[in-house]
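Note sheet for the following structure.
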Amino acid sequence: MSRRCGLAALGLFLVLSAGSVLGELIPTPDFSQHPIPTSSVPSAAETAREYVDVVSLALALGLATYWALVTRSRRSLFLLSISALVWFGFVRKGCVCPIGATQNIALAIFQPAYVVPLSMVILFVLPLLVTLFFGRTFCAAVCPLGAVQELVAVRSVRVPGWLHHALSLIPFVYLGAAVLFAATGTAFLICRYDPFVAFFRLNGNANLVIFGVCLLVIGVFVGRPYCRYLCPYGALLGILSRYSRWHVRIPPDKCINCRLCEDVCPYGAIDRPTVDPTPADVARGRQRLAAVLLTAPLIVVAFALLGTRLGGPLSLLDPEVQLAEQVRREELGLTATTTDASDAFRAARRPASELYAAAGARRDRFGHLGIALGVWVGLVLAVKLVSLSVHGSRSEYEPNRTGCVSCGRCFWYCPVEQVRLGLIQDPAERMEST
Amino acid sequence: MASSSQDSNRRDFLVNGVRVAGALTFGSLAGFLAGRKGHAAENVWQLDPDKCIGCSNCATYCVLDESAVKCVQCFDMCGYCDICTGYFDVNYNALTTAAENQLCPTGAVIRKFVEEKAGQRFYEYTIDLETCIGCGKCVKGCALMNGSLYLQVMHDRCVNCNECAIAKACPSQAYVRLPADRPYLLKQLAFTLLEAKARDPAHGEARALMNKVSRR
């Protein structure tokens, strides 16, 4: 105890007798022999690592596309997805990935002060371009998040259509929220709530580990729940895949409509051939489309109005707003406990009024963002309703280009594929030979 | 039949149009962002030591097993005290380098005798970056005196996560993004002292450090 007092007294003495150069600090002594060194700091890490990521991504995308579309080999795709899980997941620790890069791109577009590395731009754009031409081969065997779910999808049940369409809106809402939060520099939501990165790092937030385990357990029965009903990048890829130039086909040749493939797809991504609509169906369909088109603007306006109420809750994720709220509660005596953040704020001796003003400005900004998010959700819903009211016609079993992740599970079950591989004889040829 | 082939032609045309438009959009987006890179450096995380309160979150929240945050010593701010509040635990037994007297849990602060002047003994304190875990105990201790010890994100270790886990956990919001070609922030006072030192042609190492430091 006395020693502690001694230390404090010495400190006080030294502070009082401090020289003028450093204000109230103890002066650095002027040594006769010993020059005062300057500490050094290490330089920034090599950027070579980033380009290893870009090259390995391009290589994996190339292989996945080749094996899905040309050789049609499920086994190769499966092995590639395991390698991707090991390399992008466990070795590179799931970071940086194209899914998360979405946010860097959003931040770079909205805040010019933030400069995104070229490697990250390539990482973001490359899978999008490949999807635009070849379908979602990125999801098939390159994405480590997809790979870990692909492994557990063994007992799939078919998700009812209404539930599937409702849930498939979530990725778009998530995408909108992630872009808004990234653009304001508040948070990188996709990274913060990544359910599998804790497995890759063998370390992480307990709640997210539980979330990840839940997703894997659900994934046994509902194939790839994260990819289908959460992944914001998957939402983008789904749109692009719809317009892809080449896409995996289930039969390598003419479909014989045996419907063996339909049951094997764990992702419910195979569309049946359509039956020709009757004139009454056509008339009803037109009426429905007209009704949906008329209500679409109303939906957007309604969600924009709902969005005006979103600003408050959204701003609660902002650390400055959180701090202002905590400080306000402390000043009003509403809470007796202080947080580390409020202690740090008081130690900095910043006036509370300044903090309130800053937090108020942030809140206003989130008010506008809430409306933007509302409009976005309304648009997504309206487009979904319109797309549900428009029917294409199919004469054979086809992969649903939005939902199909090119995993190649259906190939093996297709009799036409078995003929191509020479494992069974073409029925038509057999008839001729007998 | 004619109308159905017309339909499919029209559909193909639309689909091709969308694809070309999509490819052009992504191409120009990439070009735009890549072009901007020509004007400024990429960004990396750094902590502002003037805002740091030494809460020790840096040691535990980093996604790396051993944090990318380490302590550095600004020798020009150091008082070379015998009784160093950044080195000795408040309950020290003796002014020796025995482990029980030290504040640092890993013994990463190295104490070396320099000179004795006017009955006062002066010691130099350096940080062993290999053993430092970035807990900030010495930073908090040193803050009682000169505050010459402070934490920094070391860029040979930092993997520059999108959402820096420490930045998220930092109670004083001390984490900022800096341009990668000047990835360090010094304490305001340390910066002023370094600037003065770098003007002296004898101090090449000070100028080298100046080149890595961002101005506020």
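Taking (1) within 10 Å of chain B (Cβ to nearest Cβ); (2) part of a helix (DSSP H, G or I); (3) surrounded by fewer than 24 Cβ atoms within 10 Å (Cβ to Cβ) in turn, A:Phe90 satisfies each apart from (1). Count of segment A:107-118 residues, restricted to those that are more than 7 Å from chain B (Cβ to nearest Cβ) and crowded, with 21+ Cβ neighbours inside 10 Å, is 1.
Select from segment B:62-76 the residues that are more than 15 Å from the chain's Cα centre (by Cα) and more than 7 Å from chain A (Cβ to nearest Cβ) and list them in ascending order. Before the answer, list the steps.
Let us first name the residues in segment B:62-76 that are more than 15 Å from the chain's Cα centre (by Cα), namely B:65, B:75-76.
The answer is B:Asp65, and nothing else.
Identify the residue in segment A:385-434 that is among the hydroxyl-bearing types (Ser, Thr, Tyr) and outside any helix (DSSP H, G or I) and, among all such residues, is farthest from A:Cys265 (Cα to Cα). Talk me through it step by step, then tell me what you get.
Going through segment A:385-434, the residues among the hydroxyl-bearing types (Ser, Thr, Tyr) turn out to be A:387, A:389, A:393, A:395, A:397, A:402, A:406, A:413, A:433-434.
Within this subset, residues satisfying the condition of being outside any helix (DSSP H, G or I) are A:393, A:395, A:397, A:402, A:406, A:434.
On the way: A:Ser393: 21, A:Ser395: 19, A:Tyr397: 12, A:Thr402: 14, A:Ser406: 10, A:Thr434: 35 Å.
My answer is A:Thr434.
Condition check for A:Ala324 on (1) within 14 Å of another protein chain (Cβ to nearest Cβ); (2) not polar (S, T, N, Q); (3) not in a helix (DSSP H, G or I): one failure, at (3).
Please find, among B:Ala21, B:Ala30, B:Ala99, B:Ala34, the residue that is surrounded by fewer than 19 Cβ atoms within 10 Å (Cβ to Cβ), facing another protein chain (nearest Cβ under 8 Å) and either touching a residue at least 60 places away in the same chain (Cβ under 8 Å) or not aromatic (Phe, Trp, Tyr) (or both).
On the way: B:Ala21 fails: facing another protein chain (nearest Cβ under 8 Å); B:Ala30 fails: surrounded by fewer than 19 Cβ atoms within 10 Å (Cβ to Cβ); B:Ala99 fails: facing another protein chain (nearest Cβ under 8 Å).
That would be B:Ala34, the only listed residue that is surrounded by fewer than 19 Cβ atoms within 10 Å (Cβ to Cβ), facing another protein chain (nearest Cβ under 8 Å) and either touching a residue at least 60 places away in the same chain (Cβ under 8 Å) or not aromatic (Phe, Trp, Tyr) (or both).
The one condition from (1) surrounded by fewer than 17 Cβ atoms within 10 Å (Cβ to Cβ); (2) at pLDDT below 85; (3) part of a loop (DSSP other than H, G, I, E, B) that A:Leu25 does not meet is (1). Residues in segment A:342-362 that are more than 12 Å from every other protein chain (Cβ to nearest Cβ), in a helix (DSSP H, G or I) and farther than 15 Å from A:Leu316 by Cα: A:Ala352, A:Ser353, A:Glu354, A:Ala357. For A:Thr338, the stated conditions hold: it is of a type in the set (Ser, Thr, Tyr), outside any helix (DSSP H, G or I) and over 30 Å from A:His164 (Cβ atoms). Pairing residues of segment A:173-201 that are at negative phi and part of a loop (DSSP other than H, G, I, E, B) with residues that are of a type in the set (S, T, N, Q) and surrounded by fewer than 23 Cβ atoms within 10 Å (Cβ to Cβ), at Cβ distances under 8 Å and at least 6 apart in sequence or on separate chains, gives A:Phe188/B:Asn162. The criterion of being at the interface with chain B (Cβ under 7 Å from one of its Cβ atoms) and modelled with pLDDT under 90 holds for A:Val41. Taking first residues from segment A:30-42 that are within 19 Å of B:Leu129 (Cβ to Cβ) and partners that are surrounded by 14 or more Cβ atoms within 10 Å (Cβ to Cβ) and acidic (Asp, Glu), the Cβ contacts under 7 Å between residues at least 6 apart in sequence or on separate chains come to A:Thr38/B:Glu205; A:Ser40/B:Glu205. Hey, any hits in segment A:177-199 for a residue that's over 23 Å from A:Ile105 (Cα atoms), within 14 Å of another protein chain (Cβ to nearest Cβ) and not polar (S, T, N, Q)? Yes, segment A:177-199 contains a residue that is over 23 Å from A:Ile105 (Cα atoms), within 14 Å of another protein chain (Cβ to nearest Cβ) and not polar (S, T, N, Q). Is it the case that some residue within segment B:150-157 is in contact with a Cys (Cβ under 7 Å, 6 or more places away or on another chain) and under 20 Å from B:Leu186 (Cβ atoms)? Yes, segment B:150-157 contains at least one residue that is in contact with a Cys (Cβ under 7 Å, 6 or more places away or on another chain) and under 20 Å from B:Leu186 (Cβ atoms). For segment B:159-194, a residue qualifies if it is surrounded by 15 or more Cβ atoms within 10 Å (Cβ to Cβ) and without any contact (Cβ under 8 Å) to a residue 40 or more places away in the chain, and the qualifying residues are B:Asn162, B:Glu163, B:Phe191. When segment B:52-61 is examined, which residues are found to be more than 7 Å from every other protein chain (Cβ to nearest Cβ) and in a loop (DSSP other than H, G, I, E, B)? Once the filter is applied, which keeps residues that are more than 7 Å from every other protein chain (Cβ to nearest Cβ) and in a loop (DSSP other than H, G, I, E, B), segment B:52-61 yields B:Cys52, B:Gly54, B:Ser56. Does A:Leu316 qualify as being among the hydrophobic types (A, V, I, L, M, F, W, C) and either under 30 Å from A:Pro351 (Cα atoms) or assigned by TED's automatic domain parsing to the domain that holds A:Ala361 (or both)? Yes, satisfied. Residue selection: B:Asn9 fails the criterion of being assigned to a loop (DSSP other than H, G, I, E, B) and free of Cβ contacts under 8 Å to residues at least 12 places away in the same chain. Number of residues in segment B:109-153 that are surrounded by fewer than 21 Cβ atoms within 10 Å (Cβ to Cβ), within 20 Å of the chain's Cα centre (by Cα), over 19 Å from A:Pro27 (Cα atoms) and among the aliphatic types (A, V, I, L, M): the value is 3. Every listed requirement among (1) closer than 20 Å to A:Phe88 by Cβ; (2) of a type outside the set (A, V, I, L, M); (3) surrounded by fewer than 16 Cβ atoms within 10 Å (Cβ to Cβ) is met by A:Asn207 save one, (1). Checking the structure you have, find out if any residue of segment A:375-382 is of a type outside the set (Phe, Trp, Tyr), under 25 Å from A:Arg245 (Cα atoms) and free of Cβ contacts under 8 Å to residues at least 40 places away in the same chain. No; the residues of segment A:375-382 include none that is of a type outside the set (Phe, Trp, Tyr), under 25 Å from A:Arg245 (Cα atoms) and free of Cβ contacts under 8 Å to residues at least 40 places away in the same chain.
The values are calculated or read from the model by the stated rules, or taken from the named source; none is laboratory data. Note that the coordinates shown come from a computational prediction; the quantities given were computed from them, not determined experimentally. We place every Cβ from the backbone using ideal geometry, glycine too, and count neighbours over all the protein chains shown.
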